[in-house]
Amino acid sequence: MKGFDGRFLEELKNKSDLVSVVEKYVRLEQRGGNFWGKCPFHHEKTASFSVNSVGQFYYCFGCHKSGDVINFIMEMESLDFNDAVRLLAERANMKLPEITYDDEKVKEQKQKKNRALDLLRDTAKFYCNNLRLPTAEKHNAYLVKRGISNAVALKFGVGASLNFSSLPEHLKSLGYTYQEMIDAGVVGEKNGRYFDELGGRLIIPIIDRFNQVIAFGGRLLEKADFAKYKNTKETFVFSKSNTLYNINNVKKIKNERGLSDLIIVEGYMDTISLVSAGFENVVASMGTSLTKDQARIIKRFCDKVYISYDGDFAGQKASIRGLEILKEEGLEVKVVALPDGLDPDDVIKKQGKEGYQVLLESAKPLIDFKLDILKKTFDVNTVDGKRKYVTNAIKVISESASSAEQDDLLKEVRNVTGTTFESLKRELYGLEKNKGEEKVVATPEFTDDVGDKTVVASRFILASYLFGKKYATETDIKSINFSLPVHKEIQKYVIERLESGQTVRFNDLYEIIGENEKQELSRIAGLETDENKKFDQDVYFFDCLRTLKIEEINARSKRLSKMFKDETDTEKRRKLAQELSQLLSLKNDLNKNN
């Protein structure tokens, strides 16, 4: 079980009630025997995510993901199995046992990761201590100039790199190798000389949501030909695309008092400036366009976001795709319109907290922001510019599902262009009509009917044993022949538990079944989770047993028929014919009872 003792995992699950764990991320309400909510793994309007409190597993009827409490934490926190167990153990106040690794490669990778995190933590301490030295005068003067207090600097772990040589020397004295420093991204090498990648800069540690330092950002203190901001390189512990700056502090806020919304800015200094002014619910997108991974992380914290990027037109235009990604994840997106050329830090300096609060309160919905961008993109004073603006504006307006909102937006376009409302309405209608006539490619439904009738029957039989149905006790599971390897593996688990007098626990299988077979496990989970089953389950169970028996007879008959055809010995042919006759008689009896 991934290096952990089975008894430890069983105790951990018993102390980590799935409903309580899921409720930290998803709003649930009890309906029937299960708890229901909107799936955290995909965007949906109607709650189709079900948590089975008795079986301690979840299943989504929309995206068909299922799992136990460990799988849930792995998905929600983007952790591997062992780290998810570690997190749950900390929450349950359980001492983590020594991990036994079956795979030397896995053990080596884990050790390498832990070593890198230790190195990064020691690097952060080194930079922080530097900031308190007299030689960090320029670094401290910069913080004063930006209005960043000592308390805020300490909160964010801000530090100083004083030169290019002292960091590698310090880390070497702690026992780290130069290769480990390079792999962690903090040290570079040129012509045999090792140097601090962020030498001379103000240092901002990048901390993940588990309070682990995973990288660093550096800010130049003086004008130079180098980039003003620089991150350490991406490594096996740091990826820009799934990292949000200040997520560690935001997570703490959410856990302590809840979180209704998030402000997303572009960089570290904007984040620190807003937090200094009293806006604590701020994260930065690492200076890049938002990614799907970042959007999913945000979705786990709240449903509403304010985008507060620089007031530069080119930057706003380039950010639209990122905003669309947020919308696709089901987030309500509003855009804070900053004055041209200003960033959030500038606004705080010039207008104070109250000035930024006014901008926040007047933030525009995404669809209005997109229309504003179009107004800046096309010159509506020219015939060609006006046509292009109208065409693109109609496409944007068609994204709204509200007729009232569409009418309001069409009036805005009318006011900008002078085009009559009626003609704009006709153009919108024509676009929507064409959309409706586009060919729709059907996506196959994921139901318990996936697979041939034998596979479907096998699933229901196994579900009956796994979920302790009384009618299943009338038949010995050892007498049933399953065809799929994954079904045989589940059968083996049930037999072992029953013979040892232990309770059959469906959620045990998530740690037993291989990753490539989890989809089959999800289908079985869906059978138990579906509370709308409108049939006699006990009758269907025995019908399924009959289906498997008939299939077994058919397979046996096929083999005997081939043997009969190839056999030349008269006596052996007679015996084969007799056996085939008996099988046919047995099959007829089964069909009569159907």
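Mind counting the residues in the stretch 90-132 that are of a type in the set (A, V, I, L, M, F, W, C) and at pLDDT below 90? Matching residues across the stretch 90-132 total 3.
Applying the set (1) open to solvent by 20 Å² or more (accessible area, probe 1.4 Å); (2) among the aromatic types (Phe, Trp, Tyr); (3) touching a helix residue (DSSP H, G or I) at 6+ places or on another chain (Cβ under 6 Å) to TYR540 leaves exactly one unmet item: (3). Considering GLY501, GLY514, the condition of being open to solvent by less than 60 Å² (accessible area, probe 1.4 Å) and of a type in the set (Gly, Ala, Ser) is satisfied by GLY514 alone. Here MET76 fulfils each of the conditions (1) open to solvent by less than 30 Å² (accessible area, probe 1.4 Å); (2) within 14 Å of the chain's Cα centre (by Cα); (3) closer than 24 Å to TYR493 by Cα apart from (3). Taken over the stretch 340-364, the residue count meeting the criterion of being open to solvent by 50 Å² or more (accessible area, probe 1.4 Å) and touching a residue at least 24 places away in the same chain (Cβ under 8 Å) is 6. Of all residues in the stretch 229-255, those that are closer than 22 Å to LYS125 by Cβ, assigned to a helix (DSSP H, G or I) and in contact (Cβ under 8 Å) with a residue 60 or more places away in the chain total 1. For ARG209, the conditions (1) closer than 19 Å to ILE264 by Cβ; (2) part of a strand (DSSP E or B); (3) not β-branched (Val, Ile, Thr) are fulfilled apart from (2). In the stretch 1-22, the residue that is nearest to GLN502 (Cα to Cα) out of those that are open to solvent by 40 Å² or more (accessible area, probe 1.4 Å) and touching a residue at least 12 places away in the same chain (Cβ under 8 Å) is GLU10.
Among the residues of the stretch 201-221, the one identified as free of Cβ contacts under 8 Å to residues at least 40 places away in the same chain and either open to solvent by 40 Å² or more (accessible area, probe 1.4 Å) or over 24 Å from ASN246 (Cα atoms) (or both) is ASN211.
Residues in the stretch 28-37 that are farther than 22 Å from ILE70 by Cβ, assigned to a loop (DSSP other than H, G, I, E, B) and touching a strand residue (DSSP E or B) at 6+ places or on another chain (Cβ under 9 Å): GLY33 alone. Consider the stretch 377-402 and keep the residues that are surrounded by fewer than 17 Cβ atoms within 10 Å (Cβ to Cβ) and aliphatic (A, V, I, L, M). The one that is farthest from GLY430 (Cα to Cα) is VAL383. Is it the case, given these coordinates, that PHE226 is more than 24 Å from the chain's Cα centre (by Cα), under 28 Å from ASP122 (Cβ atoms) and exposed (fewer than 15 other Cβ atoms within 10 Å of the Cβ)? When the stated conditions are applied, PHE226 passes them. Would you check which residues across the stretch 403-421 are open to solvent by less than 70 Å² (accessible area, probe 1.4 Å) and part of a helix (DSSP H, G or I) and list them? Correct list: ALA404, GLU405, GLN406, ASP407, LEU409, LEU410, VAL413, VAL416, THR417, PHE421. The set of residues in the stretch 128-157 that are of a type in the set (Ser, Thr, Tyr) and farther than 20 Å from SER273 by Cβ contains only THR135.
Take the conditions open to solvent by less than 80 Å² (accessible area, probe 1.4 Å), in a loop (DSSP other than H, G, I, E, B) and touching a residue at least 60 places away in the same chain (Cβ under 8 Å) and apply them to MET94. Does it pass?
Numbers: open to solvent by less than 80 Å² (accessible area, probe 1.4 Å): yes; in a loop (DSSP other than H, G, I, E, B): yes; touching a residue at least 60 places away in the same chain (Cβ under 8 Å): yes.
So MET94 passes the test.
Close contacts from the stretch 265-278, counting a first residue that is over 19 Å from THR232 (Cα atoms) and a second that is aromatic (Phe, Trp, Tyr) and in a helix (DSSP H, G or I), with Cβ to Cβ under 9 Å and a gap of 6+ residues or different chains, come to LEU274/TYR356; ALA277/TYR356. Pairs are defined by a Cβ separation below 6 Å, a sequence spacing of at least 6 or placement on different chains, a first member in the stretch 412-433 that is farther than 16 Å from ASP372 by Cα, and a second member that is open to solvent by less than 40 Å² (accessible area, probe 1.4 Å) and assigned to a loop (DSSP other than H, G, I, E, B); the pairs so defined are LEU431/SER398; GLU432/SER398. Candidates in the stretch 350-372 are the residues that are among the basic types (Lys, Arg) and in a helix (DSSP H, G or I); of these, the one that is nearest to the chain's Cα centre (by Cα) is LYS370.
Restricting to the stretch 155-200, name every residue that is without any contact (Cβ under 8 Å) to a residue 24 or more places away in the chain and open to solvent by 50 Å² or more (accessible area, probe 1.4 Å).
Filtering the stretch 155-200 for residues without any contact (Cβ under 8 Å) to a residue 24 or more places away in the chain gives 169, 172-173, 175, 177-179, 182, 187-193.
GLU169, LYS172, SER173, THR177, TYR178, GLN179, GLU189, LYS190, ASN191, GLY192, ARG193, listed by residue number.
The values are calculated or read from the model by the stated rules, or taken from the named source; none is laboratory data. None of these values were measured; they are calculated from a predicted model. Glycine also receives a Cβ, built like all others from the backbone with ideal geometry; neighbour counts cover every protein chain displayed. Remember, those area values only see protein heavy atoms, side chains included, never the ligands or the DNA or RNA. Shrake-Rupley method; radii C 1.70, N 1.55, O 1.52, S 1.80 Å.
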